[in-house]
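The values are calculated or read from the model by the stated rules, or taken from the named source; none is laboratory data. What you see is a predicted model; the values in this text were computed from it and never measured. Every residue, glycine among them, receives a Cβ derived from its backbone with ideal geometry; neighbour counts consider all protein chains shown. We work out accessible area using only protein heavy atoms, side chains counted, and drop any ligands, DNA or RNA first. Shrake-Rupley method; radii C 1.70, N 1.55, O 1.52, S 1.80 Å.
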Protein chains: 2
Amino acid sequence: MLYIIGLGLGDERDITLKGLDAIKKCSKVYIEAYTSLLSFGISTNGVSTLESLYGKPVTVADREMVEEKSDDILLEARDSDVAFLVVGDPFGATTHSDLVVRAKKLEVGVKVIHNASVMNAIGVCGLQLYRYGETVSIPFFTETWRPDSFYEKIQKNRALGLHTLCLLDIRVKEPTLESLCRGKKQYEPPRYMSINTAIEQLLEVEQIRGGSAYMEDSTCVGLARLGSEDQMVVAGSMKQLLMVDFGPPLHCLVIVGKTHPVEEEMLDFYTVAGNPDQSKE
Amino acid sequence: MLYIIGLGLGDERDITLKGLDAIKKCSKVYIEAYTSLLSFGISTNGVSTLESLYGKPVTVADREMVEEKSDDILLEARDSDVAFLVVGDPFGATTHSDLVVRAKKLEVGVKVIHNASVMNAIGVCGLQLYRYGETVSIPFFTETWRPDSFYEKIQKNRALGLHTLCLLDIRVKEPTLESLCRGKKQYEPPRYMSINTAIEQLLEVEQIRGGSAYMEDSTCVGLARLGSEDQMVVAGSMKQLLMVDFGPPLHCLVIVGKTHPVEEEMLDFYTVAGNPDQSKE
């Protein structure tokens, strides 16, 4: 049996009792370092906090392992209980659907143990979850690669009065261009997009496209380290949020649509002006 | 401090370690019976499973208590640690935003401990969470009250190729009409909308509106008891799902938009035809 277990968002104690029960009976425990372990203060070298909580060794499955060696993991899971740990909920990212599809093809049993993910924890800012439209991803722009397909999506959400969750780019274990040319793998240092960079890119695209999907004055909510002890939630215009230091990653951004009175009351608690300590919790 | 703690979707062991830590230090523990405790096999009379796990008494806060006496709970939380337990994640429903707003006004500290909710656990069917449009609610139709504002929302989502999560009506502790007239409270037996009823109502509205938002042949996914040991996931046309017995509540329904290949592969595992045991897990 393959147990795909969500770890939630904050730290090692955000696992559920059910998740921990499953780990206890597994002969092998993998943790994906593919998307982000950052919120757990875990580098790919140090998973000792988890190991001491679980009472057993944990193998970090980095990007290459998940992509190239998942069948090995699945074959182990055919004969014994294997845990595959995922930050957030198992179905926040495409990768884990892939893993389930491959497991089903190999006739390996799969059990999913859910947890919080950014997709529901953003509810904390007070905007109702059912009033969100399509979620967009904001990728790091480079000199030559500036994809802006998020623009139409935001525009459509805003036309419908819906909120837009913007997931911000994470670059972990990206091979350097040089290493790709030489065939020897070396990696760029990890990069996590800040709310400030995201807003800069959004405004750049608005300036080029000119479709008034949003403006400098559009209300947004910036959320940093969602679900952690030191999470930070600040509401304000794009222009205002550009000036806020949200601190360490992970960051995400919500572009606010039409609001109801209860939503507005909640946002008031998080506004830049009304909240000198910027809602550090 | 008021701790608002998500219990997740399945049973008492879906609470997080952090949630349990918080309960252990609280002098008073409330659980909201407002939306649904059904998935926990808990009636409003029996919370003993939770009490024995927590090692302390748990007070059921029914609809009236949450709406009428929340300030009493908040005042307790000003002087001591109080836990308010919620099935799923604290921000799945409007009520809890209200509670936070009132807490902030009374200057009561609030800490939120997240968990899985239907809003992210539906990812289990293989449709990508970021490809969902606005979520809709399907209310029980009566002879005289047949609100269908969900129709335009579904139509807009489908025009954009997005999936639509339909949350199905729950009627718990509804006062009887008779009791309202007499001023003495008596309650209707609880009702939970089935996937079958939801589809019947959806098709009735399509027939009246005629906007081709969806049809009998539109692909949907029915999910029952999401996150429980005996959860059931079946994909098929509306017409096909009408014939499926999904068993006890809670049910929800996804109307599928445009799909990507990985999404299709996952749905294949859950289709009525391809899955004689109807994906009982």
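Take the residues of the range B:87-119 that are more than 11 Å from chain A (Cβ to nearest Cβ) and open to solvent by less than 40 Å² (accessible area, probe 1.4 Å): which is nearest to A:LEU267 (Cα to Cα)?
First, pick out the residues of the range B:87-119 that are more than 11 Å from chain A (Cβ to nearest Cβ): B:87, B:106-108.
So of that shortlist, the ones also open to solvent by less than 40 Å² (accessible area, probe 1.4 Å) come out as B:87, B:108.
Details: B:VAL87: 24, B:VAL108: 17 Å.
Only one residue tops the list, namely B:VAL108.
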Quick one: would you say B:LEU177 is at pLDDT below 95, surrounded by fewer than 19 Cβ atoms within 10 Å (Cβ to Cβ) and within 14 Å of another protein chain (Cβ to nearest Cβ)?
no
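Table: residues versus (1) under 17 Å from B:LYS111 (Cα atoms); (2) free of Cβ contacts under 8 Å to residues at least 24 places away in the same chain; (3) under 18 Å from the mean Cα position of the chain (by Cα); (4) assigned to a strand (DSSP E or B).
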| residue | (1), (2), (3), (4) |
| --- | --- |
| A:GLY222 | no, no, yes, yes |
| A:ASP230 | yes, no, yes, no |
| A:GLN240 | no, no, no, no |
| A:PRO248 | no, no, yes, no |
| A:LEU253 | no, no, yes, yes |
| A:GLY257 | no, no, no, no |
| A:GLU265 | no, no, no, no |
Inspect all residues belonging to the range A:183-195 and state whether any of them is open to solvent by less than 30 Å² (accessible area, probe 1.4 Å), in contact with a helix residue (DSSP H, G or I) (Cβ under 8 Å, 6 or more places away or on another chain) and touching a residue at least 24 places away in the same chain (Cβ under 8 Å).
yes
Output the number of the condition that B:GLU200 fails; it satisfies all remaining conditions of (1) in contact with a strand residue (DSSP E or B) (Cβ under 8 Å, 6 or more places away or on another chain); (2) open to solvent by 70 Å² or more (accessible area, probe 1.4 Å); (3) in a helix (DSSP H, G or I).
(1)
Matching option when the condition is over 24 Å from the mean Cα position of the chain (by Cα), closer than 30 Å to B:GLY88 by Cα, modelled with pLDDT under 95 and not acidic (Asp, Glu), among A:LYS104, A:LYS28, A:LYS56
A:LYS104
Residue that is least open to solvent (accessible area, probe 1.4 Å) [pool: residues in the range B:209-220 that are touching a residue at least 40 places away in the same chain (Cβ under 8 Å) and of a type outside the set (Gly, Ala, Ser)]:
B:TYR214
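Being away from chain A (no Cβ under 13 Å) and of a type outside the set (S, T, N, Q) is the filter here; which residues of the range B:136-167 pass it?
We begin by selecting, within the range B:136-167, every residue away from chain A (no Cβ under 13 Å); these are B:139-148, B:151.
Scanning the range B:136-167 gives B:PRO139, B:PHE140, B:PHE141, B:GLU143, B:TRP145, B:ARG146, B:PRO147, B:ASP148, B:TYR151.
Give the residues of the range B:237-265 that are buried (at least 19 other Cβ atoms within 10 Å of the Cβ) and closer than 23 Å to A:LEU99 by Cα, sorted by residue number.
Quick first cut of the range B:237-265, residues buried (at least 19 other Cβ atoms within 10 Å of the Cβ) only: B:238, B:240-241, B:246, B:249-257, B:263.
Listed by number, the residues that qualify are B:VAL254, B:VAL256, B:GLY257, B:GLU263.
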Any residue at all in the range A:68-76 that is in contact (Cβ under 8 Å) with a residue 12 or more places away in the chain, in contact with a strand residue (DSSP E or B) (Cβ under 7 Å, 6 or more places away or on another chain) and open to solvent by 40 Å² or more (accessible area, probe 1.4 Å)?
yes
Would you point out the residue of the range A:51-67, among those that are more than 12 Å from every other protein chain (Cβ to nearest Cβ) and part of a helix (DSSP H, G or I), that is surrounded by the most Cβ atoms within 10 Å (Cβ to Cβ)?
A:VAL66
Go through the range A:134-159 and count every residue that is buried (at least 20 other Cβ atoms within 10 Å of the Cβ) and more than 14 Å from A:GLN201 (Cβ to Cβ).
5
